[in-house]
1. One residue is enough: does region 75-84 have a residue meeting the conditions part of a loop (DSSP other than H, G, I, E, B), within 15 Å of the chain's Cα centre (by Cα) and in contact (Cβ under 8 Å) with a residue 24 or more places away in the chain?
2. Yes or no: region 44-64 includes at least one residue that is under 18 Å from Ala102 (Cβ atoms) and of a type in the set (A, V, I, L, M, F, W, C).
3. What number of residues within region 114-131 are in contact (Cβ under 8 Å) with a residue 24 or more places away in the chain and within 19 Å of Leu70 (Cβ to Cβ)?
4. If Ile34 meets every condition in (1) outside any helix (DSSP H, G or I); (2) free of Cβ contacts under 8 Å to residues at least 60 places away in the same chain apart from one, which number is that one?
5. If we only count strands (runs of 3 or more DSSP E) wholly inside region 112-161, which ones have 3 or more residues that are touching a strand residue (DSSP E or B) at 6+ places or on another chain (Cβ under 8 Å) and of a type in the set (D, E, K, R)?
6. Taking the criterion of being in contact with a Cys (Cβ under 7 Å, 6 or more places away or on another chain), among the aliphatic types (A, V, I, L, M) and either closer than 20 Å to Thr14 by Cα or in a helix (DSSP H, G or I) (or both), would at least one residue in region 43-65 satisfy it?
7. Among the listed residues Lys23, Lys107, which satisfies the condition of being part of a helix (DSSP H, G or I), at pLDDT below 95 and surrounded by fewer than 20 Cβ atoms within 10 Å (Cβ to Cβ)?
Amino acid sequence: MVKETEVLELQTETLDQIYAHAKVEFPDECCGIILSDGTREFVRECRNIQNERHAEDPDTYPRDARTAYLIDPNDLIRVHKEAETQNRPIKALYHSHPNHDAYFSDKDKADATAWDEPVYPGAAYIVISIYDHEVKATKAFAWNETDMDFEEVPIEMNRET
């Protein structure tokens, strides 16, 4: 849960897990969700179904998984159920940019908002830049209530307690 002008605190183990996920999925984008009970973080890898949608309907889904992601709805339902039943709110959503920089694209912003409001208030969005299986940069973005837009926020790494 990130508030305006705050940092996103992540456990080093969490970053290690999402980096490993990005490396396994390369050259496609990985995607997932981080839950937190306030003490521990739980990485939930999700399946990127962008290639399937692109193959089924390239007019509606012109990009493949090398430049886009779409979280499998079943994974999204599963993570939401865990968040609710285990009292583990969504802390962040993440995805990778294979062979591209870490930035919050217009498409990322569009997917993260509905009716000009964040879909997941209080959650950050993490973008991982990965080139040839090597993580080059990681950036986080959170909703700024004043500007009504996403802005980059620093990531602070903490050891698991």
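1. No, region 75-84 contains no residue that is part of a loop (DSSP other than H, G, I, E, B), within 15 Å of the chain's Cα centre (by Cα) and in contact (Cβ under 8 Å) with a residue 24 or more places away in the chain.
2. So far as region 44-64 goes, no, none of its residues is under 18 Å from Ala102 (Cβ atoms) and of a type in the set (A, V, I, L, M, F, W, C).
3. Count: 8.
4. Here Ile34 clears every test but (2).
5. In region 112-161, 149-153 are the strands (runs of 3 or more DSSP E) which contain 3 or more residues that are touching a strand residue (DSSP E or B) at 6+ places or on another chain (Cβ under 8 Å) and of a type in the set (D, E, K, R).
6. no
7. Lys107
Residue by residue, here is whether (1) closer than 23 Å to Tyr131 by Cβ; (2) crowded, with 19+ Cβ neighbours inside 10 Å; (3) within 15 Å of the chain's Cα centre (by Cα) holds:
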{"position": "Arg40", "(1), (2), (3)": "no, no, no"}
{"position": "Cys46", "(1), (2), (3)": "yes, yes, yes"}
{"position": "Arg53", "(1), (2), (3)": "no, no, no"}
{"position": "Ile71", "(1), (2), (3)": "no, yes, yes"}
{"position": "His95", "(1), (2), (3)": "yes, yes, yes"}
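The values are calculated or read from the model by the stated rules, or taken from the named source; none is laboratory data. None of the values given here were measured: they were computed from a predicted structure. Methodologically, a virtual Cβ is constructed for each residue, glycine included, from the backbone with ideal geometry; neighbour enumeration extends over all protein chains shown.
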